[in-house]
Amino acid sequence: MQGNIRKMRTELGETVQYHLPIGDDLTAMNQLIGKEISLQFLDQINCIHCGKKTKTSFSQGYCYSCFTTLPQTDPSIVRPELDLSYLGISRDMEWAKENSLRPHYVYLAYSGNLKVGVTRESQVPTRWIDQGASKAIKLAKTPNRHIAGVIEVALKEHFSDKTNWREMLKQDGSTDIDLLEEKQKAAEKLHPELKQYLCGEDEVWDINYPVEELPQKVTSFGFDKTKEFTGVLKGIKGQYLIFEGGKVINIRKHNGYLIELKVK
């Protein structure tokens, strides 16, 4: 199988199902767990928006021109509190109407550590799966991205907003952390003006990943330095392929890379 890859598509079930887009085809990755596979980078990167060849990938898959002009690569994507589309300010207001000016959730999730995050309503539970979260709970629901970002910033003093990806990959997801209790603690720390957005949904989402063997020590590799890799696939978590010996690769980081996949 050969083609430009994109981040794996996921489907929540008893165990998360993964499919890797390679060119125009989808490869069922769960079926490859336990098998030896080879990944070879063919020295070509194409922008996932315009298709142009690029020597360097920016913001997980874009050429420099798209990176500096597209709304989906605006700094507010990483820092939602910076989103000004509610004031009519955006790189592309039509895009903002469909993405930023839509309901968003502020959530708490456990992915190696307890973290606070923001995602569009339509991205639940995809966002949690991409981060490798084993548990998640909705904290607040806002009418736009900016307000969700303001709530996230208010809670950063008490919760991390980053995923500890190494710990996420090494842990089986079991934790003594009570997300419902943590939600109540987080709610108490909010300014009264922000409490109006608190979400009444108290369901704790449990997410199980197809992992046969957790790595004891994690060693990441990427196609910029490793042109070809062969190993036995031991599991998939977040957007990471986990191989024997603790070797892992972040597929989302390689959006637009032209690769060849072989099953030994």
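So the values come out like this:
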read-out	value
Those residues of segment 220-240 which are within 19 Å of the chain's Cα centre (by Cα) and polar (S, T, N, Q), in sequence order	Ser220, Gln239
Filter result (farther than 16 Å from Asp206 by Cβ, open to solvent by 10 Å² or more (accessible area, probe 1.4 Å) and within 19 Å of the chain's Cα centre (by Cα)) within segment 128-141	Asp130
Residue, nearest to the chain's Cα centre (by Cα), within segment 245-254, restricted to residues that are open to solvent by 10 Å² or more (accessible area, probe 1.4 Å) and closer than 25 Å to Gly13 by Cα	Arg252
Contacts under 6 angstrom Cβ, first residue in segment 41-70 being of a type in the set (Ser, Thr, Tyr), partner crowded, with 17+ Cβ neighbours inside 10 Å and in a strand (DSSP E or B), 6 or more apart	Thr54/Ile45; Ser57/Ile45
Boolean, His49 is in a strand (DSSP E or B) and either of a type in the set (Gly, Ala, Ser) or surrounded by fewer than 19 Cβ atoms within 10 Å (Cβ to Cβ) (or both)	no
Search result, residues across segment 218-247 that are among the aliphatic types (A, V, I, L, M) and under 17 Å from Gly34 (Cβ atoms)	Val232, Leu233, Ile236, Leu241, Ile242
Answer residue from segment 17-39, given it is in contact with an Asp or Glu (Cβ under 9 Å, 6 or more places away or on another chain) and buried (at least 17 other Cβ atoms within 10 Å of the Cβ) and is farthest from Phe221 (Cα to Cα) among those	Gln17
Pair list, Cβ under 9 Å, 6 or more apart: segment 8-32 residue assigned to a loop (DSSP other than H, G, I, E, B), other residue small (Gly, Ala, Ser)	Gly23/Gly3; Asp24/Gly3
Selection count where residues are closer than 13 Å to Ile236 by Cβ and surrounded by fewer than 18 Cβ atoms within 10 Å (Cβ to Cβ), scope segment 1-16	3
Of all residues in segment 176-203 being among the acidic types (Asp, Glu) and part of a helix (DSSP H, G or I), the one that is least open to solvent (accessible area, probe 1.4 Å)	Glu182
Matching residues, segment 149-192, being farther than 30 Å from Ile242 by Cβ and among the small types (Gly, Ala, Ser)	Gly149, Ala154, Ala186, Ala187
Output for segment 58-78, where each listed residue is outside any loop (DSSP other than H, G, I, E, B) and aliphatic (A, V, I, L, M)	Ile77
Members of segment 111-121 that are open to solvent by 20 Å² or more (accessible area, probe 1.4 Å) and touching a helix residue (DSSP H, G or I) at 6+ places or on another chain (Cβ under 9 Å)	Asn113, Leu114, Arg120
Qualifying positions in segment 118-137 - more than 18 Å from Val211 (Cβ to Cβ), touching a residue at least 40 places away in the same chain (Cβ under 8 Å) and not in a strand (DSSP E or B)	Thr126
Segment 71-89 - residue that is in contact (Cβ under 8 Å) with a residue 12 or more places away in the chain and open to solvent by 80 Å² or more (accessible area, probe 1.4 Å) and, of those, nearest to Val116 (Cα to Cα)	Arg79
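The values are calculated or read from the model by the stated rules, or taken from the named source; none is laboratory data. These numbers were taken from a predicted model, which means no experiment stands behind them. Using ideal geometry, Cβ is built from the backbone for each residue, glycine included, and neighbour counts are taken over all protein chains shown. To get the accessible areas, we keep the full protein, side chains included, count just its heavy atoms, and leave off ligands, DNA and RNA. Shrake-Rupley method; radii C 1.70, N 1.55, O 1.52, S 1.80 Å.
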